[in-house]
Amino acid sequence: CGGSISGSSGMLQSPFYPGSYPNNADCLWEIQVESNFRVVLTFRDIAMQSGRCQDDYIEVYDGPAHSSPVLGRLCSGSSPSYISSSNMMAVRFHSDSRYTFRGFQANYSSIPADNNTTLLCLPDYMHAVVSRDYLQSQGYSAQMVTLNDSRCEPTVTSREVIFHIPYNSCGTTREENNDTINYSNMIKIASSGYIIRRKKDIHLHISCKMLQNTWVQVMYVAEDTVDMYENQFGRYNVTINFYDSPSFLHEVHDFPYYVDLNQILYFQAHINNSDPNLVVFVDTCVTSPDPGDFRTQAYDLIRNGCPRDSSYTTYYTPNGHFARFRFNAFEFISGHSSVYLQCELAVCRLRDYSSRCYQGCVRRSKRDTGSTKEKVNVVVGPFQLREGAAQGGVTG
């Protein structure tokens with residue numbers, strides 16, 4: 001009835017299986033496999049008092065029973081299977097004083113964790129390794145990897161980034177939880193950029209849990225989330241709206257408008273005027289996390305008709321009342337959750353080729369000689385950071 005299991009594979013079953021299990025049983029098995037492997041547990045046979053699983057039941061824990069989340073509670077089912085997030089899993093079997101049945105039988109095995117990251121909990125420090133192939137596949141370099149305490153630098157080899165993290169320094173935190181002591185730290189993989197970023201930061205949360213005299217490893221990856229974008233109408237008879245594709249057929253009316261980090265955003269500026277002899281031109285578009293300040297921390301998409309961002313692209317429009325452009329969604333590097341877009345648009349007379357609308361990119365400001373009717377500032381936003389979505393790609 002219970003015990004510690006350390007082999008790479010094996011079997012466990014209720015007492016006296018396939019005979020009837022005893023009443024008032026409370027068995028706890030702790031399965032621990034090799035470091036950087038995971039436990040796969042599959043039930044082959046379950047014959048117990050069914051219902052709401054309150055009297056006789058099996059509980060599966062993602063680690064030690066007293067300090068880990070429950071993966072599932074069951075008393076019936078057809079070959080349910082569970083996978084641990086670390087190299088340890090616990091299984092509890094409980095029966096009450098009433099009915100008794102055949103019980104259960106389960107097989108367990110171990111599978112390698114991914115090769116992207118590994119963690120060893122040694123007596124004096126945590127040995128954490130990040131694969132450089134993994135970093136390269138995500139578009140990062142070894143120089144972008146730091147510990148939560150940046151003063152504790154890693155050792156970089158041709159294939160790996162290696163951290164030796166003491167339990168009592170380098171930002172390691174200590175937490176007691178029932179029968180375990182948890183030592184935790186965090187490795188950061190941050191994208192480069194001073195003002196904006198288009199890739200998610202990756203946080204590798206690492207922890208070593210001491211259960212009496214047994215050390216188990218836990219590592220999970222928490223990626224910074226992507227953006228949620230909202231739009232509002234501009235003022236002064238000119239609006240800027242979102243569209244869901246480069247066809248500009250379907251305007252996005254969702255409020256807020258949710259998009260992913262690095263998703264292509266499609267915009268259309270429109271003169272709300274019945275005069276057919278007017279055209280609009282996008283002169284400057286600036287982004288900022290503060291709708292009242294487009295100078296202190298701002299990023300230019302286009303200025304004086306000259307694109308400043310590599311993803312900024314304009315589209316041809318058959319009607320001069322419209323101007324269309326696109327760029328890829330980003331998040332300000334300082335972590336502001338809201339982004340505002342301010343565009344300066346020139347409204348000119350149709351076919352006045354000396355006006356600002358027909359000059360295109362000008363490297364330095366100069367006075368217009370043509371018939372520009374108005375310079376219009378339109379603010380769109382806020383664009384709000386969305387949590388929990390996937391990176392990249394165009395979504396509807």
Asn168-Thr313 FRET efficiency (beta carbon distance; Förster radius 45 Å; 0.05 resolution): 0.25
Sequence of Thr157, Thr117, Thr296 from largest to smallest accessible area, 1.4 Å probe: Thr296, Thr157, Thr117
Region 14-34 and region 102-181: distance between their alpha carbon centers, rounded to Å: 33
Accessible surface, 1.4 Å probe, highest first, among residues Arg38, Arg356, Arg295, Arg73: Arg295, Arg73, Arg38, Arg356
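The values are calculated or read from the model by the stated rules, or taken from the named source; none is laboratory data. In this text, all values refer to a predicted model and were calculated from it rather than measured experimentally. So basically every Cβ, Gly included, is an ideal-geometry build from the backbone, and we count neighbours across all protein chains shown. Surface areas here come from the heavy atoms of the whole protein model, side chains and all, with no ligands, DNA or RNA. Shrake-Rupley method; radii C 1.70, N 1.55, O 1.52, S 1.80 Å.
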